[in-house]
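**Q** Once you've had a glance at the structure underneath, I'll fire off some questions.
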Ligand SMILES: Nc1ncnc2c1ncn2[C@@H]1O[C@H](COP(=O)(O)OP(=O)(O)OP(=O)(O)O)[C@@H](O)[C@H]1O
Ligand SMILES: [Mg+2]
């Protein structure tokens, strides 16, 4: 559905994307994880034809009408993008914003209006349809930004940090919308810093840093390849602190502890590595700009 082949992009001396290849399959939800400045936004910009790669190629394909480069006008109507920097008109109402994007994507006035009504309801802004955006909270703008990406019923949706700076309620609402799109067979690539949601929603996760792909796979694959060992923490009666045992086979360790002599076990915990452990392992712990 979307194929980036060895794409590179530099801004002056900064190499933003450094030979990245990525293939997002039709109907798949792929997460793009990377620290600040890793090249996620630049990658998404090249995928939708907003930025031209210095080298390498981008193709959108397989479905009728979705063949060729992202610059193709027909391709553009079938791809929806919600940019990281919310791109909306403050002076317009929520409905006017949506209708504007609808018209931009070639919908008739009547279709655009109907689609606006439908989408406002689905992002929980039905009662704000006629309010101008000045008074909207960050979360409301994020949800509207997402709705604008969906106005032309795209088959491929790219979301650049769709949940940045929103409260758990809005975040939950946004991920419901992504889950619904997925159920309709829409292909989705989204960047995020929220590992838990990435882990829950994504069929596969791509971890990038310094403009390069570091790892790609299902969450389980990434965790077993890069997550490191599990930890079994056991505290026995009379012990102040738990003893922590690193192991690849935590259940065997637990069985051994239970079977062994000694004071009764007061507390027992298995800490399994998660996507965040993978992320920190691959991208390091130092702060980025
Ligand atoms: N228009 C630009 N001009 C100059 N440098 C840029 C431009 N866009 C991006 N960069 C640089 O390219 C690198 C990658 O930036 P990019 O925005 O793609 O990262 P990101 O992964 O989206 O980061 P974040 O998580 O902070 O959104 C950074 O070093 C950034 O400063
Ligand atoms: Mg970004």
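The values are calculated or read from the model by the stated rules, or taken from the named source; none is laboratory data. All figures in this text were calculated on a predicted structure; none of them were measured in a lab. Positions of Cβ are backbone-derived with ideal geometry, glycine not excepted, and every protein chain shown enters the neighbour counts.
**Q** Looking only at helices (runs of 4 or more DSSP H) that fall completely inside segment 93-164, which ones have 3 or more residues that are under 17 Å from the mean Cα position of the chain (by Cα)?
**A** Result: 138-149.
**Q** Taking into account only those residues within segment 199-218 that are buried (at least 21 other Cβ atoms within 10 Å of the Cβ) and either more than 16 Å from ligand 2 (Cβ to nearest atom) or modelled with pLDDT under 90 (or both), which is farthest from residue 3 (Cα to Cα)?
**A** Ranking the candidates gives 202 first.
**Q** Out of all the residues in segment 229-247, is one or more at pLDDT 95 or above, crowded, with 16+ Cβ neighbours inside 10 Å and part of a helix (DSSP H, G or I)?
**A** no
**Q** With segment 2-50 as the region, which strands (runs of 3 or more DSSP E) entirely inside it contain at least 1 residues that are near ligand 1 (Cβ under 7 Å from one of its atoms) and assigned by TED's automatic domain parsing to the domain that holds residue 155?
**A** Where strands (runs of 3 or more DSSP E) fall fully within segment 2-50 and carry at least 1 residues being near ligand 1 (Cβ under 7 Å from one of its atoms) and assigned by TED's automatic domain parsing to the domain that holds residue 155, they are 2-11, 14-24.
**Q** Let me ask something else about it. Among the listed residues 172, 131, which satisfies the condition of being in contact with a strand residue (DSSP E or B) (Cβ under 9 Å, 6 or more places away or on another chain) and surrounded by fewer than 15 Cβ atoms within 10 Å (Cβ to Cβ)?
**A** Working: 172 fails: in contact with a strand residue (DSSP E or B) (Cβ under 9 Å, 6 or more places away or on another chain).
Residue meeting the stated conditions: 131.
**Q** Only one of (1) under 36 Å from the mean Cα position of the chain (by Cα); (2) at pLDDT below 95; (3) part of a helix (DSSP H, G or I) is not met by residue 221, so which one is it?
**A** Of everything listed in (1) under 36 Å from the mean Cα position of the chain (by Cα); (2) at pLDDT below 95; (3) part of a helix (DSSP H, G or I), residue 221 misses just condition (2).
**Q** For segment 248-275, give me each residue that is surrounded by 15 or more Cβ atoms within 10 Å (Cβ to Cβ) and not in a strand (DSSP E or B).
**A** 250, 253, 254, 257, 273, 274, 275, listed by residue number.
**Q** Which condition does residue 102 not pass, out of (1) modelled with pLDDT of 90 or more; (2) within 16 Å of ligand 1 (Cβ to nearest atom); (3) more than 26 Å from residue 288 (Cα to Cα), if it passes all the others?
**A** For residue 102, the exception is condition (2).
**Q** Filter segment 59-89 down to the residues that are within 16 Å of ligand 1 (Cβ to nearest atom) and either part of a helix (DSSP H, G or I) or modelled with pLDDT under 70 (or both) and list them by number.
**A** Passing the criteria: none in range.
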